[in-house]
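Structure record follows, encoded as structure tokens.
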Amino acid sequence: MLASGVAPAILGAADKAGNKPQVIGVEGHRYEVHHDCMKVPDHIRWQDTHGVAVDEEGLVYVKHRTKTAEVMDSIAVFDQKGRFVRSFGKEYHGGGHGIDIRKDDGEQFLYLCDNKGYIAKKTLTGETVWQQTAPKVDVYEGARPFVVKQAGQYGKGVKFSPTNIAFAPDGGFWVGDGYGSNYIIRYDKNAKVTGYFGGSGDKKGQFQTPHGLWWDERPGRTPGLVICDRANARLQYFDENGKYTGALDDVLFPADIDTQGEVMMVPDLHARITLYDKDNKVITQLGDDPAWREQVLANNLAMRTQPERWENGRFIHPHDACFDHDGNIYVAEWVAIGRINFLRHVG
């Protein structure tokens, strides 16, 4: 666990321009921004950093995707000072995407989504508990037929390409097939499919890239499943049975979700991170700057491949973000050379 006033020791190297770390946010939610906060070992050359999660001991797990010919570990683990601890997951090289941690029967496990068509449960040291491709069922009870032609494909040949997992309160979980069918698939605690909902479209309950999802049970709210309907520029809420209950439109291109206490955090690929209170009113939008965003999005997102243009204290494409146990934030950015940022809570 990170002490509230301590940043990783290697962060002195994060500010390559020699500028003092910038402080962003509002009173009560102010953060000192430290870029490139992990010391990546020589045997890993990450490119698109996709997911980040923190375990109970404070170790930080990063899932990344590389496009190199050399196969390398897709998951790297670091301590609270940014020092490399271990790596594993060569089987997901080139796939990247979602990573989260849940305790099952007293033991912590990684739950993974991979764009190559896998979901998996692993120990924190990389041993596989189970791994699955597309659901091998013909009809989900209570829903219209949803036929799988073969493992890894749905219906009309749509590839299974999951993005993220949300944990259900009964021990099961939901998977967002964000780059595949645009369905949300429900699994029980034994990783067996029990239902699904959604599909492609812009109506209530439909999706265009359900990218991140989270069971929102913040104090003072009715618990529900919140989903980043990314290309429709909205968050949609559902009850435990997949019934639509509402939406939140104050987003641009939402990527994922995390909560801590009464706060919900939504990293947005359009160069900002939004914090919401328990009533889903905006507390602050970290890094929000229309002029900067215009530069980031210009020329087919060219800036993501041009680190010499990146500015201290600003984001490019926040793809995932999570709180640590002290209220600090780790941010994984979808940029060509990969980047994990540490936002130290300062007041």
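The values are calculated or read from the model by the stated rules, or taken from the named source; none is laboratory data. Please read all numbers here as calculations on a predicted model, not as lab measurements. Counting neighbours? That spans all protein chains shown, and the Cβs are built from the backbone with ideal geometry, glycine included.
Quick notes
- Within segment 239-255, one or more residues are within 16 Å of the chain's Cα centre (by Cα), assigned to a strand (DSSP E or B) and either at pLDDT 95 or above or among the basic types (K, R) (or both).
- Residue satisfying condition, being farther than 19 Å from H50 by Cβ and without any contact (Cβ under 8 Å) to a residue 12 or more places away in the chain, within set E217, E240, E294: E294
- Strands (runs of 3 or more DSSP E) lying entirely in segment 167-224 (those with 3 or more residues that are surrounded by 15 or more Cβ atoms within 10 Å (Cβ to Cβ) and within 19 Å of the chain's Cα centre (by Cα)): 173-176, 183-187, 210-216
- Taking the criterion of being surrounded by 15 or more Cβ atoms within 10 Å (Cβ to Cβ) and closer than 20 Å to R186 by Cβ, the residues of segment 231-246 that qualify are L235, Q236, Y237, F238, E240, G242, Y244.
- Hits in segment 45-72 (condition: outside any strand (DSSP E or B) and within 20 Å of C322 (Cβ to Cβ)): W46, D55, E56, E57, G58, L59
- Of everything listed in (1) within 16 Å of L213 (Cβ to Cβ); (2) in contact (Cβ under 8 Å) with a residue 40 or more places away in the chain; (3) in contact with a Phe, Trp or Tyr (Cβ under 6 Å, 6 or more places away or on another chain); (4) buried (at least 21 other Cβ atoms within 10 Å of the Cβ), the single unmet condition for G287 is (1).
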